[in-house]
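Have a look at the structure below, then the notes.
The values are calculated or read from the model by the stated rules, or taken from the named source; none is laboratory data. Note that the coordinates shown come from a computational prediction; the quantities given were computed from them, not determined experimentally. Backbone-built Cβ (ideal geometry, glycine too); neighbour counts: all protein chains shown. The area values use the complete protein model at the heavy-atom level, side chains included, leaving out ligands, DNA and RNA. Shrake-Rupley method; radii C 1.70, N 1.55, O 1.52, S 1.80 Å.
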Amino acid sequence: MRAARSGTKDGLEKTKIAVMRRVSFLHKKEHSDDTEDDTGYLDVMVSEAKHPPAQLGPMPEGLSSQQIVRRHILSSIVQSERSYLDSLKRILQEYQRPLMEAEPRILSVRKIRPIFFRLREIMQCHSMFQIALASRVAEWDSCEKIGDLFVASFSKSMVLDVYSDYVNNFTNAMALIKKACMSKPAFLEFLKVRKQASSADRITLYGLMVKPIQRFPQFILLLQDMLKNTPTGHVDRLPLQLALTELETLAEKLNEQKRVADQVTETQQLARCVSDRSLSKLLNSEQSSLILCETLIETVYGERGQVLKSKERKVFLFGDMLICANINVKYVSWTRGPPDISSLVPVGPKYTLKWSAPLQQVHVVEVGQEGAQTKDTLYQLGGIKRPGRSIILGPPRLYQELQELHHDLSVVEQVTLLVGTLQGTYQNLNTTVAQDWCLALQRLIRIKEDQIQSANKCRLRLQVPGRPDKSGRPVSFTVVFNTPSPVSKISWVNRFHLAKIALRDENTPGWFSAEDDGKTKAPFWCPLLACRIGSKTASIKLGAALHNPVQCALLGFSAVSTSFPQGYLWVAGGGDSTQGQVDIFSLNRSTPRPVKSLQMGARVRCLEYVPEPTPSENAETGPHNSTGVGNTICVGLDDGCILVYGSMDTAAQCLVTLRNPEGCPVLCLKHSGNFLFAGLRDGTLMVYERHPGGTSLITLDVSLYCTLIKVTVGSDPIRTLLALEGLVWASCANTVTVLDGFSLCTQRFEVHQDPLVSVAHMVRAVGGVWMAFSEGSSIRLFHTETLEHLQEINISTPSSFYNPSQKSVRVTSLLICQGLLWVGTAQGIIITLPVPKLEGIPKITGKGMMSLNAHCGPVDFLVALSSTLSPDLLKRDSVVEGHDSACGVDDRSDSSSQESLQQASISGQVDGKGKGRGVLLQYRLRSTSGLPGRPLTVRAEEASDSSLESLEHSMEDGSIYELSDDPDMWVRGRSCEREGVRRDRVSSVAVISGGKGFRRLREGSVATTAESTLMIWQLPLKV
C-alpha cells in the first residue's frame, strides 16, 4: 500500500485487521476497466445506519462561558465536515457516475479520469475522520478534547499524498473541463442541467471541486477559535496547538504546490502565444521562474495629464525579464456558449505578446525622479518621442491647479516688492503681511504636490528600453500601469527590487539544501543577501546588535518598499575587557550608513531595546508623566554597569547609569512590562523598575521590595534571558528558571542531561521555545506552558555537506523570523529551518537550507529588523478626476493632514459673492497688530477689529477649505468611511548577521576580508 511504502503506521494496522475480519462498513473495491488505477487505497463505504454522522447532545447545565463557546465551535466543525462530505458525494454521484454510465458517451473515460482524479480517496480519508469525530463528539462532555483527533487523522502521509495529487491536477482538470465545454456541446448542456436541477444552491462544478483546496484553511480557522477559548492548563490546549501545526504545515505544502502549478500553467500558456522561438524556448525551460503576474490597467496620458486611452494588460515578472501581454478572451460561436462557460468554469485568457525587456534594464520611475533621466536618451510617451524631461502624470485638474498656484505665487512675490515701496505705514498692508501671503501659497503648493503624489500611489511607472533610433541613441518609453490598490503597487516595486538583487553573484545561488539532489536553485522566498558592511576596526569583536525602530518622514511612497526596515542599527563589541564600542547605522536608505560611534569604558556584552510604556501601563502615574524620554536602549558592560540611552535621535545621550554592587559583568538584558532584568556572571538576576515619572530606571526600594532587587538563580552564569507573557526565563547551567514578572516566584526545570552543558541561546515563537547549548550541535524545543520537551534537531547534517571531516558543529546564535528558524554556527555557516507561523507549536516541519554566504569565524549574532509601513501610505487617498482614478476605481477618499475644516465660517462669505469656488488665504493678525499704523480696510473702524479677528489663525495654516457649492473639492484631514472598512498591513523585514570576514562556500574560496562584517538579508514584504 502507498501508506505502508511511505512509512505511515498510525491507524494502518487497525484498518488491515478490519478488512481481514470483513467489517461491514469496509468493502474492497471491485476491479473494473472503467475505474482509475488506485492501487494502494481501500474504498471505504460508510453505512450511515451503523455509523451515523456526528451529533452533539444537549448542553448540560453549569457550563462556563468558555465551555459553551467551545461547544458551539465543535458544532461548527461537525456541520462543516458534514457539508464537505456532501459536496464530495455530489461530485462523484451527480457528475462522475452519470458521465461514466452515459450512453452514448458524453466524454471518453480517458478524459473523465483526470477530471475527478483522487476525489474518491479524499472522500475516504474524511469518511474515516467522520467516524472518529462522531465517537469523540459523543463523549465530549466527559473529555472535551478534539486536537489529538486532528493530529491522528491528518498527520498521515496518505492524506498529504492524495491532496497533493488533487491540487497538482486541479489546474489540468479545469483546463480539460473548459476544453470539453468548447468542443462538446453535450457536455456543456450536461453541466448546465446539473447546475440548475441538482440542488437549490445552484453551485457549479467548479464551486464543488474547489472545496478540497479550501478545506484545510477552514479547519485552521475553526481550530484557532477553539484554541482562543481554551484556557491555559486545559487538557486540549497542547493537542490543539499540535493540530494547528500539522494543519498549517499541510496547508502550506498544498498552497506552495498550487502556486507552482498555477505559475507553470501561466508560463506555458504565455509561451504558446509567443511567436519568438527563442523567447518561447526560454519560457519553457527550467531556468524561467515566474515571480509575480497580475492584470493591470495600462493608461496613456496626454501632455497635461489627461487620459487618452486605457486597456487591461497581463504583466509577468520573471527572474530575469519583464513581459507585457494583451488579454484576448475568445468564446465559442454558439449563442448560449459564452455565458454558460463563464458561469460554469473559469475561462483562462489567452495572451498576445506586446513587449518584453531584460529586468536589469527596466526601472521604476516615481514622481520627482524624472530629473535622473539622461539627456542623451529619448523618451516615448503616448506614441510621441520627446526629450527626457519632467512629465507629471497626475489628474489634469490637480496639475492645472498646481500651475495656477505657481502663477499666483509669482504674482504675490511681485506684489510683495511693490508693497515694500509704499510711502505710508499701514497695520495690515506691509511687507510682513505680504510675506505671510507667500508662506500661505507655498504651503498650498506643498499640499497640491502631496495630492499629486498621492494620486500616484496606485500608478506603477516603468521606464522600459526600446529599439535605438536611426542615430543609434537608446530610446526608452514610459509605461504607466494602474494597480488595484496601493498595496499592489508596493508589492510590484518590492518584487522588482528583490528580483534584481537575486541576479547578483552572491545570490546565484545563495542557498543550498542537501535534500535537493544537487539542485542549488533556491526559491524566491528565500532571504536574499542585499549587502554587507565591513568594520573599519578589525580588532573589535562583535558582541550584540539590536534594531531601534524610528519612522522616517522623509521616505517616499515607493522608497519604503525597497529600503530596509526604518530606524537605526546598534552594533556593539569590544577588543578586550578595558574598551568597548557601539556603532550606530542608519537604515533609512537602500544601503545602511554609519552615523555615530560611542566609546565605552568596558566591553559591551548585551543590548536591549526598551519601548516607552503604553498609556495603560502608566495610567496610575498621573498626567504629569507625559514628558518622559520615550524609548530607551540599555547597554550591558563587562564592568557591571548598565548604560541607558535615549533612542529618539542619533545624539544618543546617556540618561542614567545603573551599577550592581559587586561590579559583576552583565551578560544579558531583557525587559518585561515595567521591569528590566539583568543576568550576571555570578548567577544573580538583578531587577530594575522604570521610574514612575518615566524618565529613568532605578532599583526597587529595598524597604518595600527587598526580595525583588536580587534573585539568585544559581552559581553558574546567567547566559540568556527570554521574556514571555508576564514571565521571564533565565538559563543557568543546564537548567532554566521561570520567574513571574511581578511576584518573582520561580520554577526550575532541567533542559539537558549533562550538567557541564549550559543553555547558551533561547528564542520563542508562539507556543514553543527553541534552545541551543554551549556544546553540541543539537537544538531542542520546549512547550511554553507545560515545559515539555517536544522536538530535537541536529543541525550538523546540512552544514556537513561542504566539510565532511567536520565532526561537530556548535550553535552560536538563534533567531526566529517570518517562519524561519535561523541558526548561526561557530564555523560561520548560517542555516534556516522552516517553522509554523500560527498559534501552533514551532516544530521543524521541512527541509533545512544552508547559506552559501558565510563568515570566516563564529556567527556572533543574528538580529531581525522589522517595521510596519505607515497606514497613510496604504490609503486610497487619490483625488479622482471623473473616471481617472489612481486605483482604477471610483474611490474618493481624502489624504491625511492636520489642516482644520472651517466650512461654516467661510461658506457664507463666499456665497455672498456668488463665486463658485475659491481658496481663502488667511494670516494671523497678531503678527501685525503690534506694528504702527492703522488697518487698511473699507469697513468701519467699529467692525474692523472683530471681523478681522474672526479670520485669525496660525500663520502656518494656509489651508484648503471645502466650499459647500463645490462637491468636487476634497479636503485634506477628513476621514473617509470607506477607509475604515479595510486596513492593510504591510511589514518590511530583514535579518542581519555579524561575524569575522566573508566567504563563499560554493566556490570554496578563502575569506575576502578579515574584518568584522555585517551581512544583511532582505525578505519580501509581508502583506
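Just a few scattered comments:
- Only one of the listed residues (ALA186, ALA180, ALA132, ALA173) is of a type in the set (Gly, Ala, Ser) and under 17 Å from GLU81 (Cβ atoms). That residue is ALA132.
- Filtered residues of segment 241-258 (kept if farther than 15 Å from LYS837 by Cα and open to solvent by less than 30 Å² (accessible area, probe 1.4 Å)): LEU254
- Filter result (open to solvent by 30 Å² or more (accessible area, probe 1.4 Å) and at pLDDT 85 or above) within segment 709-724: THR712, SER715, ASP716, PRO717, ARG719, ALA723
- Residue in segment 433-461 that is surrounded by the most Cβ atoms within 10 Å (Cβ to Cβ), counting only those that are modelled with pLDDT under 85 and among the polar types (S, T, N, Q): SER454
- Members of segment 804-854 that are at pLDDT below 90, small (Gly, Ala, Ser), open to solvent by 20 Å² or more (accessible area, probe 1.4 Å) and in contact with a strand residue (DSSP E or B) (Cβ under 8 Å, 6 or more places away or on another chain): GLY846
- Members of segment 378-429 found to be over 30 Å from CYS458 (Cα atoms) and either of a type in the set (Phe, Trp, Tyr) or modelled with pLDDT under 55 (or both), listed by number: TYR426
- Count - residues of segment 265-308 that are loosely packed, with under 15 Cβ neighbours inside 10 Å, closer than 21 Å to ILE213 by Cβ and touching a residue at least 40 places away in the same chain (Cβ under 8 Å): 0
- Check on ALA175, among the small types (Gly, Ala, Ser) and either open to solvent by less than 40 Å² (accessible area, probe 1.4 Å) or more than 15 Å from LYS111 (Cα to Cα) (or both): no
- Any chance TYR95 is in a helix (DSSP H, G or I), under 41 Å from the mean Cα position of the chain (by Cα) and within 17 Å of PHE219 (Cα to Cα): no
- Members of segment 47-70 that are at pLDDT 85 or above and within 42 Å of the chain's Cα centre (by Cα): MET59, LEU63, SER64, SER65, GLN66, GLN67, ILE68, VAL69, ARG70
- Taking segment 172-198 as the range and being modelled with pLDDT of 85 or more and among the polar types (S, T, N, Q) as the test, the residues that pass are ASN172, SER183.
- Exactly one residue out of ASP276, ASP236 is over 23 Å from the mean Cα position of the chain (by Cα) and modelled with pLDDT under 85: that is ASP276.
- Segment 211-237, residues that are free of Cβ contacts under 8 Å to residues at least 12 places away in the same chain and either open to solvent by less than 20 Å² (accessible area, probe 1.4 Å) or among the hydrophobic types (A, V, I, L, M, F, W, C) (or both): LEU221
- Boolean, VAL763 is crowded, with 19+ Cβ neighbours inside 10 Å, part of a strand (DSSP E or B), modelled with pLDDT of 90 or more and touching a Leu at 6+ places or on another chain (Cβ under 8 Å): yes
- Scanning segment 677-708 for residues that are modelled with pLDDT of 50 or more, in contact with a helix residue (DSSP H, G or I) (Cβ under 7 Å, 6 or more places away or on another chain) and surrounded by fewer than 18 Cβ atoms within 10 Å (Cβ to Cβ) gives PRO692, GLY693.
- Selection count where residues are touching a residue at least 24 places away in the same chain (Cβ under 8 Å) and either among the hydrophobic types (A, V, I, L, M, F, W, C) or crowded, with 16+ Cβ neighbours inside 10 Å (or both), scope segment 52-66: 3
- If you go through segment 107-144 and keep only what is open to solvent by less than 40 Å² (accessible area, probe 1.4 Å) and not in a helix (DSSP H, G or I), you end up with LEU107, PHE116, ARG118, GLU144.
- Residue selected from segment 766-798 under the condition surrounded by 22 or more Cβ atoms within 10 Å (Cβ to Cβ) and of a type in the set (Gly, Ala, Ser), by the criterion farthest from THR825 (Cα to Cα): GLY767
- Test: residue in segment 462-479 that is open to solvent by less than 10 Å² (accessible area, probe 1.4 Å), on the phi < 0 side of the Ramachandran plot and aromatic (Phe, Trp, Tyr): no
- Residue ID - most open to solvent (accessible area, probe 1.4 Å), chosen from residues in segment 648-676 that are in a loop (DSSP other than H, G, I, E, B) and of a type in the set (S, T, N, Q): GLN653
- Within segment 276-318, considering residues that are touching a strand residue (DSSP E or B) at 6+ places or on another chain (Cβ under 7 Å) and not in a strand (DSSP E or B), the one nearest to PRO484 (Cα to Cα): GLY302
- When LYS521, LYS470, LYS536, LYS489 are checked against the criterion of being in a helix (DSSP H, G or I) and modelled with pLDDT under 90, LYS489 stands alone in meeting it.
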